[in-house]
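Q: Before I ask anything, here is the structure I am working with.
The values are calculated or read from the model by the stated rules, or taken from the named source; none is laboratory data. Predicted model only: the values in this text are computed from it and were never measured. Cβ sites come from the backbone with ideal geometry, for glycine too, and all protein chains shown count toward neighbours. Ligands, DNA and RNA are excluded from the accessible area calculation, which covers all protein heavy atoms including side chains. Shrake-Rupley method; radii C 1.70, N 1.55, O 1.52, S 1.80 Å.
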Amino acid sequence: MIRIAIALTCLALGMVGIVLLGEYQARDAISLDPQPLLILLVGMGQLIRLMGQSTLGRLLLTGALLPLAVALLSYLLPEYWVSLATWEHLAHPLFPSISLDGWRPSLLTVLGLILLAANAWLGRSPSLGSPLLLGTITLLLIMQCVESLPYASANQVLRYAAPLMQQLALWGLLIAQTVAFLPTWYAERGNLHRPLWPALALVGISLLFWHQQKGLEDRSLRADMHEQNRQLAGRFSQEIHDHLAAMRRFANSWNLLDTPPTSAQWTHQAEPYHRDFRYFLNIAFINLDSRIIRVHPMNLNRQVLGERLFDVQPEGREALSQALFHGREGHTGIVELLQGGPGIIHYLPVISTDDNRPMGAAAMVVSLPVLVGTLFDEIDTKRVFLELRQGETTLASLGPTTGLGPWQYQTSLDVVGHSLKLITRPSRALLLERRARLPVVSLAIGLTLAYLLYLVLYAYRHLALQHRALHRSNAELRNEVQARAKLQQEIEWLARHDELTALPNRRLFMETLKAQTKQRPLSVMICDVDHFKQINDHQGHLIGDRYLKHLGEVGRDVVEEAGGLFARYGGEEFVACLPACNARTAQDIAERLRERIQAENLQHHDGRRLTVSIGLATLENGPLDIATLMQVADEALYRAKASGRDRVVCASNGTSLEAGR
Ligand SMILES: Nc1nc2c(ncn2[C@@H]2O[C@H](COP(=O)(O)OP(=O)(O)OP(=O)(O)O)[C@@H](O)[C@H]2O)c(=O)[nH]1
């Protein structure tokens with residue numbers, strides 16, 4: 001698997017190499033486009049990590065992560081914190097001739113590379129979120145594919161996706177990591193479902209939310225720009241309207257004269273109008289012969305003074321005739337002005353109120369480039385391109401012609417009966433500056449939350465499993481302890497009891513006897529089955545065992561009823577300890593036992609009843625000497641056997657009593 005991963009990483013590196021080679025050949029020098037360089041750096045780090053050199057690999061990955069983090073910050077931080085201009089200023093030493101938009105890797109690539117580098121840095125451990133990181137990169141790369149589609153990328157302000165070859169290289173790095181890490185997760189696949197799917201779902205939702213938000217923000221930005229264009233067009237129309245109204249006042253002010261104005265009068269009157277409407281190239285008085293006899297300002301228009309307009313500007317003849325001969329306002333169309341450049345000339349009649357005849361016309365020459373430049377002087381012409389057009393002819397234009405954004409706006413204008421278009425096109429830099437950061441911020445927060453969710457769920461799942469295992473081993477331990485305690489009880493019981501008859505054994509009997517230090521009188525009884533060997537020999541050991549068991553039960557009944565302890569001494573021999581029993585009582589008990597056994601009707605093979613012989617010894621007073629007491633009882637038993645069996649023989653304080661049946 002590792003070999004396949006290494007091969008895939010090399011393939012991805014090869015693709016980036018081709019990209020860089022292409023750029024090298026195209027520009028005769030390696031351009032500092034950081035995107036393929038960063039992919040190369042991450043890929044190299046990943047390759048070296050896969051080859052087992054973790055320190056060097058991590059060093060390279062850290063080297064890639066630092067600029068990537070800066071690029072991400074440039075997407076996230078609000079414009080009023082760190083402006084676009086500041087970013088460009090900071091990057092100037094590295095990328096002197098490229099704008100931020102040119103050198104900054106695309107947003108989805110930045111995020112994808114950060115996650116790839118982080119995952120390669122951290123390693124394959126599911127507890128550090130490796131499966132989620134790779135899942136997130138997959139979704140980011142899918143989103144890059146979507147953003148690369150022609151319809152999606154045509155109108156974008158920001159670059160969201162890397163070019164195709166670089167995307168393929170990113171896929172290569174992703175698949176290589178997945179192949180290398182998959183076997184590690186396979187062992188834990190059961191535990192990965194619960195944390196992975198909800199976290200991945202959150203990543204998916206964040207990406208969809210981002211996609212939606214960025215669309216809304218772009219639409220809102222476009223609407224703003226469109227509105228700005230409409231406002232400019234409105235101002236343009238208003239200005240034309242205002243200056244026409246002012247001109248009419250100006251023209252009327254001459255009506256009281258019955259001779260053409262003197263030069264001083266003309267300058268005096270025209271000067272404030274020219275100050276208010278700086279885009280007037282001049283304000284001139286035209287006599288009935290269409291000759292310009294007064295003009296203000298003089299300095300720029302000296303050469304037109306005295307010119308006969310019917311001769312030098314025939315295209316304006318109609319408009320001028322209206323004012324000179326018919327007493328009506330006349331407006332030229334868009335004409336080439338005598339001073340050069342396109343413009344409009346308004347002619348207003350000056351009529352003598354005395355005899356109501358035209359004396360001449362007041363002409364106001366509006367240069368359209370000057371009008372556009374003056375009217376929109378507060379517009380940042382470095383970042384908005386502005387154009388005034390008639391049909392396909394550009395009448396005036398302002399602003400940059402390169403680095404323009406994807407959007408163009410136009411509004412139609414009616415300028416004294418002529419249809420013009422005012423076109424604005426904001427530059428990329430302006431759009432980037434105005435673009436809201438909210439979608440990117442919400443995406444970054446969404447991805448962070450998804451990662452935290454994964455970690456919490458994974459830790460919870462892990463703890464739950466550990467808790468369950470602990471619980472299970474606790475239960476096993478408890479059972480083990482219980483089993484051992486039971487075994488211990490059994491061992492302890494067996495140490496003091498006889499397994500066949502369940503009676504106390506010789507040890508317990510001796511302990512009981514030893515404990516009788518004060519109780520006097522004290523009797524002991526030894527009871528031996530008569531001819532038991534014959535039972536075994538003729539009826540088998542199983543029957544022998546059954547008889548012994550039965551005898552034990554009978555003996556226990558009789559002896560315990562009298563407050564004594566009945567025990568199996570060994571073989572077919574039973575003993576009893578009878579505290580507080582004098583010789584007589586002990587003999588009564590022994591007799592009762594002998595008779596009960598006889599009454600049980602346990603038979604030999606030939607029909608004879610099973611009998612027992614019993615020897616008794618009683619200690620009336622004095623210290624207990626167990627060996628002597630037992631020996632005396634044994635001797636009594638011996639005498640019982642010797643004197644014909646099936647009888648009780650008592651010995652008291654060393655004196656043996658013989659009792660008949
Ligand atoms: N079935 C069985 N037989 C046992 C057990 N313990 C001892 N015996 C047998 O008990 C018999 C005891 O025989 P002996 O000591 O010769 O005495 P006896 O045949 O009872 O004859 P007397 O005591 O002289 O009346 C032996 O055959 C032992 O094998 C036991 O737990 N089960």
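Q: Restricting to region 628-645, and then to whatever is more than 13 Å from Val529 (Cα to Cα) and open to solvent by 70 Å² or more (accessible area, probe 1.4 Å), can you tell me which residue is farthest from the ligand (Cβ to nearest atom)?
A: Ranking the qualifying residues of region 628-645, first place goes to Gln631.
Q: Based on this model, can you work out whether Thr618 counts as within 15 Å of Leu522 (Cβ to Cβ), open to solvent by 40 Å² or more (accessible area, probe 1.4 Å) and either more than 14 Å from the ligand (Cβ to nearest atom) or in a loop (DSSP other than H, G, I, E, B) (or both)?
A: no
Q: Still on this structure: Filter region 368-390 down to residues that are open to solvent by less than 10 Å² (accessible area, probe 1.4 Å) and either within 21 Å of Pro426 (Cβ to Cβ) or of a type in the set (Ser, Thr, Tyr) (or both), then give me how many there are.
A: Looking only at that region, the number is 4.
Q: Sort through Leu602, Leu593, Leu522, Leu548 and tell me the only one that's within 16 Å of the ligand (Cβ to nearest atom) and under 28 Å from Thr628 (Cα atoms).
A: The unique qualifying residue is Leu548.
Q: Specify which of the listed residues (Ser367, Ser442, Ser397, Ser419) is free of Cβ contacts under 8 Å to residues at least 60 places away in the same chain and either touching a Phe, Trp or Tyr at 6+ places or on another chain (Cβ under 9 Å) or β-branched (Val, Ile, Thr) (or both).
A: Ser397
Q: Further, regarding this structure: Under 6 Å by Cβ, and 6 or more places apart or on different chains, what pairs join a residue from region 538-562 that is closer than 18 Å to Asn601 by Cβ and among the aliphatic types (A, V, I, L, M) with one that is more than 15 Å from the ligand (Cβ to nearest atom) and open to solvent by 90 Å² or more (accessible area, probe 1.4 Å)?
A: From residues that are closer than 18 Å to Asn601 by Cβ and among the aliphatic types (A, V, I, L, M), the pairs are Val558/Arg592.
Q: Sticking with this structure for a sec: Quick check on Arg308: is it among the charged types (D, E, K, R) and open to solvent by less than 80 Å² (accessible area, probe 1.4 Å)?
A: Criteria met by Arg308.
Q: Could you please let me know if Gly63 is closer than 26 Å to Leu447 by Cβ, surrounded by fewer than 17 Cβ atoms within 10 Å (Cβ to Cβ) and of a type in the set (Gly, Ala, Ser)?
A: yes
Q: With respect to the numbered conditions (1) over 21 Å from Leu40 (Cα atoms); (2) part of a helix (DSSP H, G or I), which one is the sole condition not fulfilled by Pro78?
A: Of the numbered conditions (1) over 21 Å from Leu40 (Cα atoms); (2) part of a helix (DSSP H, G or I), the odd one out for Pro78 is (2).
Q: For region 453-479, which positions are within 30 Å of Arg159 (Cβ to Cβ) and either open to solvent by 90 Å² or more (accessible area, probe 1.4 Å) or not aliphatic (A, V, I, L, M) (or both)?
A: Of everything in region 453-479, just one residue is within 30 Å of Arg159 (Cβ to Cβ) and either open to solvent by 90 Å² or more (accessible area, probe 1.4 Å) or not aliphatic (A, V, I, L, M) (or both), namely Tyr454.
Q: Inside region 123-232, counting only helices (runs of 4 or more DSSP H) that do not spill past its ends, which hold 2 or more residues that are closer than 28 Å to Ile48 by Cβ?
A: Once the helices (runs of 4 or more DSSP H) in region 123-232 are filtered for at least 2 residues that are closer than 28 Å to Ile48 by Cβ, what remains is 130-148, 164-186.
Q: Here is a further query. Return a yes/no flag: does region 293-301 have any residue that is closer than 30 Å to Phe385 by Cβ and surrounded by fewer than 21 Cβ atoms within 10 Å (Cβ to Cβ).
A: The answer is yes; a qualifying residue exists.
Q: Name the residue that is modelled with the lowest pLDDT, counting only residues in region 557-601 that are part of a loop (DSSP other than H, G, I, E, B) and closer than 26 Å to Ile543 by Cβ.
A: So the residue we want is Asn601.
Q: Glu499 - would you say it is within 16 Å of the ligand (Cβ to nearest atom) and either open to solvent by less than 60 Å² (accessible area, probe 1.4 Å) or out of contact with any Phe, Trp or Tyr (no Cβ under 7 Å at 6 or more places or on another chain) (or both)?
A: yes
Q: Within region 234-262, how many residues are in contact with a Lys or Arg (Cβ under 9 Å, 6 or more places away or on another chain) and open to solvent by less than 60 Å² (accessible area, probe 1.4 Å)?
A: 1
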